[in-house]
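Trainee: Quick one: the structure is below, questions incoming.
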C-alpha cells in the first residue's frame with residue numbers, strides 16, 4: 001500500500017493474528033508431546049525437555065498476546081492455568097485416569113477458545129484489508145484504499161486529449177514541457193552558501209512553486225535524467241503533476257517540509273521526510289539530489305521508510 005498508512009490498530013491486529021497462530025501451533029505441539037509420552041518405547045527424557053521448551057514458549061506468547069489485547073484475549077487465564085498445572089510430563093501421568101481425562105478436556109476447551117478467537121481476528125483482518133473500519137482491542141483498525149492515481153491520470157488523459165484536439169502545441173507545452181525553462185533555470189544559488197543551505201533553499205523554492213502552481217519553475221528543479229521509485233522520468237512526472245493541478249488543484253494538497261533534514265554524502269544530497277497530504281492520500285517522501293553545473297537538482301524520489 002505505497003503512500004497509504006494503516007492505523008496503529010491495524011499494525012496491532014496483524015501482530016496479534018501472527019501471535020495467535022503461533023500460540024495455536026504451540027498448543028497443538030503440546031498435545032502431541034502429551035500423547036507421545038504414554039506410548040511404548042517413548043524417549044521420555046527427550047520429550048520432557050521438549051515439553052518444557054514448548055510450555056515456556058507458549059507461556060511467553062500467551063502473556064504477550066494477553067498484554068496487547070487485555071481482556072479480549074479470553075482464553076489467556078485458562079491457558080496459563082493449564083500450563084501452570086502441568087509441571088512435567090511425569091507429574092501429568094502420575095495422576096489418576098480421571099484426572100488425565102479432565103486435563104484432556106481442559107486442553108480441548110482451551111483449544112476451541114483459541115480457534116474461535118483466531119477466527120475472529122482473521123475476520124477483522126479481512127474486513128480491514130477490504131477498507132472497512134473495525135475495532136480491535138479498543139483501537140480503530142483501518143486500511144485506507146490506495147489513492148486512485150489511475151483514475152486521476154485517466155481524467156487527466158481525457159483533458160489532455162481535449163487539449164490535444166484543440167491545439168497540440170498547448171498539450172506539448174503544458175503536459176510535456178516542450179519549450180519550458182531548462183533544468184536549473186530559476187534555481188541558481190549564491191555560491192557562498194553551504195551545500196546544506198542551498199538544498200534547504202531549493203526545498204523552499206519547490207514548495208512555493210507548487211503552491212503557486214508554477215509548474216515550469218517546479219520542474220526546473222529536476223535533473224534531465226530524473227527517475228522516481230516507480231520509474232517515471234521527468235516528462236512523465238510533469239504530465240502527472242499537470243494532471244493533478246488540472247483536476248485536483250493544489251489548494252487541497254499540502255507539502256509539509258517542517259521535519260525535512262538535509263544531509264550531504266559523497267556529492268549526493270538527501271532531504272526528507274517531506275510530507276504530502278491530499279484527499280485520500282498521506283505519504284512522506286525522500287528526495288535525492290546532485291549538483292549539475294553548480295546547481296543542486298533533484299535526481300530521484302522515493303517513499304520515506
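The values are calculated or read from the model by the stated rules, or taken from the named source; none is laboratory data. Model, not experiment: these values are computed from the prediction. Cβ coordinates were reconstructed from backbone atoms using ideal geometry, including for glycine residues, and neighbour counts include every protein chain displayed.
Trainee: Which numbered condition trips up residue 15, out of (1) modelled with pLDDT of 90 or more; (2) outside any helix (DSSP H, G or I)?
Mentor: The one condition residue 15 does not meet is (2).
Trainee: Do we find a residue being under 29 Å from residue 48 (Cα atoms) and assigned by TED's automatic domain parsing to the domain that holds residue 35 anywhere in region 132-142?
Mentor: no
Trainee: Report whether or not residue 35 is under 30 Å from residue 132 (Cβ atoms), in a helix (DSSP H, G or I) and out of contact with any helix residue (DSSP H, G or I) (no Cβ under 9 Å at 6 or more places or on another chain).
Mentor: Spelling it out, it is not the case that residue 35 is under 30 Å from residue 132 (Cβ atoms), in a helix (DSSP H, G or I) and out of contact with any helix residue (DSSP H, G or I) (no Cβ under 9 Å at 6 or more places or on another chain).
Trainee: Right, another one. With in the same structural domain as residue 119 (by TED's automatic domain parsing), surrounded by 16 or more Cβ atoms within 10 Å (Cβ to Cβ) and touching a strand residue (DSSP E or B) at 6+ places or on another chain (Cβ under 9 Å) as the only criterion, which of 13, 83 stands out?
Mentor: Answer to the selection: 13.
Trainee: Anything in region 38-66 that is in contact with a helix residue (DSSP H, G or I) (Cβ under 7 Å, 6 or more places away or on another chain), in contact (Cβ under 8 Å) with a residue 12 or more places away in the chain and more than 17 Å from residue 24 (Cβ to Cβ)? List them, or say none.
Mentor: If the condition is that a residue be in contact with a helix residue (DSSP H, G or I) (Cβ under 7 Å, 6 or more places away or on another chain), in contact (Cβ under 8 Å) with a residue 12 or more places away in the chain and more than 17 Å from residue 24 (Cβ to Cβ), then 38, 44, 47, 48, 50, 51 are the ones that fit.
Trainee: I've got another one for you. Among the strands (runs of 3 or more DSSP E) lying completely within region 214-305, list those that include at least 1 residues that are at pLDDT below 85, in contact with a strand residue (DSSP E or B) (Cβ under 6 Å, 6 or more places away or on another chain) and within 24 Å of residue 5 (Cβ to Cβ).
Mentor: Result: 222-228, 254-256, 268-278, 281-292, 295-303.
Trainee: Report whether or not residue 275 is without any contact (Cβ under 8 Å) to a residue 12 or more places away in the chain, surrounded by fewer than 19 Cβ atoms within 10 Å (Cβ to Cβ) and under 21 Å from the mean Cα position of the chain (by Cα).
Mentor: Judged against the criteria, residue 275 is not a match.
Trainee: If only one of 188, 211 is surrounded by fewer than 16 Cβ atoms within 10 Å (Cβ to Cβ), in contact (Cβ under 8 Å) with a residue 60 or more places away in the chain and out of contact with any helix residue (DSSP H, G or I) (no Cβ under 8 Å at 6 or more places or on another chain), which one is it?
Mentor: Being surrounded by fewer than 16 Cβ atoms within 10 Å (Cβ to Cβ), in contact (Cβ under 8 Å) with a residue 60 or more places away in the chain and out of contact with any helix residue (DSSP H, G or I) (no Cβ under 8 Å at 6 or more places or on another chain) holds for just one of 188, 211, which is 188.
Trainee: Listed residues 158, 162, 178; which is assigned to a loop (DSSP other than H, G, I, E, B) and either at pLDDT below 80 or outside the structural domain of residue 269 (by TED's automatic domain parsing) (or both)?
Mentor: Result of the check over 158, 162, 178: 178.
Trainee: Mind telling me which of the residues 70, 66 ends up being within 37 Å of the chain's Cα centre (by Cα), under 19 Å from residue 137 (Cβ atoms) and either surrounded by 15 or more Cβ atoms within 10 Å (Cβ to Cβ) or modelled with pLDDT of 90 or more (or both)?
Mentor: 66 is the lone residue from the list that is within 37 Å of the chain's Cα centre (by Cα), under 19 Å from residue 137 (Cβ atoms) and either surrounded by 15 or more Cβ atoms within 10 Å (Cβ to Cβ) or modelled with pLDDT of 90 or more (or both).
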